[in-house]
Amino acid sequence: MDRKVALITGAGRGIGKAIAKELALKGYNIIINYNTSEKGAKDLYEDLKVLRLDPMIVKCDISNEAEVKAMVDKAMDKYGHIDVLVNNAGIAIDALFFDKKVEDFRKTFDINVIGTFLVSKYVGDKMYQNKYGKIINISSTNGINTYFPMCADYDASKAAIISLTHNLAVQFAPYVNVNAIAPGFIATESEIGGMDEEFIKLEEEKILLKRAGTEQDVANLVNFLVSDQASFINNEVIKIDGGIYGDC
């Protein structure tokens with residue numbers, strides 16, 4: 001059976017790993033991209049092998065065009081097609097606003113925005129030639145209506161991803177559905193690892209459902225967007241934040 005293939009960037013941990021597992025359970029062969037989370041990526045690879053799937057693991061700095069092109073070429077050599085791309089990889093370098101460094105701002109944009117552009121460019125071209133594909137960009141409510149000056153570079157990058165999503169949808173029409181997901185407060189290890197309990201409670205109080213989201217919540221939304229049931233959803237930005245009210 002010729003299984004569908006999904007490339008997940010930043011699949012070694014957190015939301016990316018949850019998405020990879022969810023799509024694997026639906027029968028996708030997964031291309032596991034990582035750059036720094038080698039152990040998590042290798043553990044995921046072994047988990048997917050147990051499911052009798054044919055995953056692939058690729059170390060790639062998505063801000064490096066030559067590495068991105070090589071990753072996509074390698075995937076095409078193995079599978080012949082890529083049906084789903086989830087641009088999940090990203091970084092956040094939090095610091096007080098006046099302590100922020102230009103090089104950190106550039107690094108955030110290199111990975112979050114240029115990385116999303118590069119992978120979409122090379123994968124989207126293959127999808128367009130194949131006349132089928134789904135691209136999902138992981139943005140954030142930080143790019144829409146959540147503002148923390150200590151995250152100014154991250155917030156700006158996530159807003160840029162939303163703009164990029166709209167342009168990609170136009171570029172790859174009519175064959176490729178391109179959408180963005182904007183998670184709110186999601187209880188990933190990287191998100192809440194350095195937070196004290198009082199801050200977490202304050203953030204959860206802003207959510208109508210009175211809880212943080214989970215990695216699986218986001219993976220479930222991705223699973224829907226790549227399904228046939230979502231075939232007429234295109235060029236959209238979907239918030240998944242439990243319902244926010246009041247101040248950011």
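The values are calculated or read from the model by the stated rules, or taken from the named source; none is laboratory data. Note that this is a predicted model, so its numbers are computed, not measured. Cβ placement follows ideal geometry from the backbone for every residue including glycine, while neighbour counts extend to all protein chains displayed.
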Take the conditions without any contact (Cβ under 8 Å) to a residue 40 or more places away in the chain and either of a type outside the set (F, W, Y) or in contact with a strand residue (DSSP E or B) (Cβ under 7 Å, 6 or more places away or on another chain) (or both) and apply them to E197. Does it pass?
yes
Residue check for D155: more than 23 Å from Q129 (Cβ to Cβ) and touching a Phe, Trp or Tyr at 6+ places or on another chain (Cβ under 7 Å):
yes
Only one of these is aliphatic (A, V, I, L, M) and within 28 Å of V237 (Cβ to Cβ): L85, L48. Name it.
L85
For the range 62-105, what are the residues that are β-branched (V, I, T) and at pLDDT below 95?
I93
Got a sec? Which helices (runs of 4 or more DSSP H) wholly within the range 1-115 have at least 2 residues that are surrounded by fewer than 19 Cβ atoms within 10 Å (Cβ to Cβ)?
38-50, 65-79, 102-109
Just to be sure I understand, how many residues within the range 39-97 are in contact (Cβ under 8 Å) with a residue 12 or more places away in the chain, among the β-branched types (V, I, T) and more than 19 Å from D125 (Cα to Cα)?
4
Set V113, V84, V68, V102: member being of a type in the set (V, I, T), touching an Asp or Glu at 6+ places or on another chain (Cβ under 9 Å) and within 24 Å of L164 (Cα to Cα)
V68
Here the qualifying pairs (Cβ atoms under 7 Å; residues six or more apart or on different chains; first in the range 155-179 and of a type in the set (G, A, S); second not in a helix (DSSP H, G or I)) come out as A169/V178; A169/N234; A169/N235
Please go through the range 169-224 and give me each residue that is modelled with pLDDT under 95, under 16 Å from the mean Cα position of the chain (by Cα) and of a type in the set (A, V, I, L, M, F, W, C), ordered by number.
F185, I186, A187
Per-region count, the range 231-248, residues under 18 Å from the mean Cα position of the chain (by Cα) and free of Cβ contacts under 8 Å to residues at least 60 places away in the same chain:
4
Hits in the range 98-130 (condition: more than 27 Å from V170 (Cβ to Cβ) and in contact (Cβ under 8 Å) with a residue 12 or more places away in the chain):
K100, D104, F105, K107
Would you confirm, using the coordinates I've provided, whether Y79 is hydroxyl-bearing (S, T, Y), farther than 25 Å from V178 by Cβ and over 15 Å from the mean Cα position of the chain (by Cα)?
no
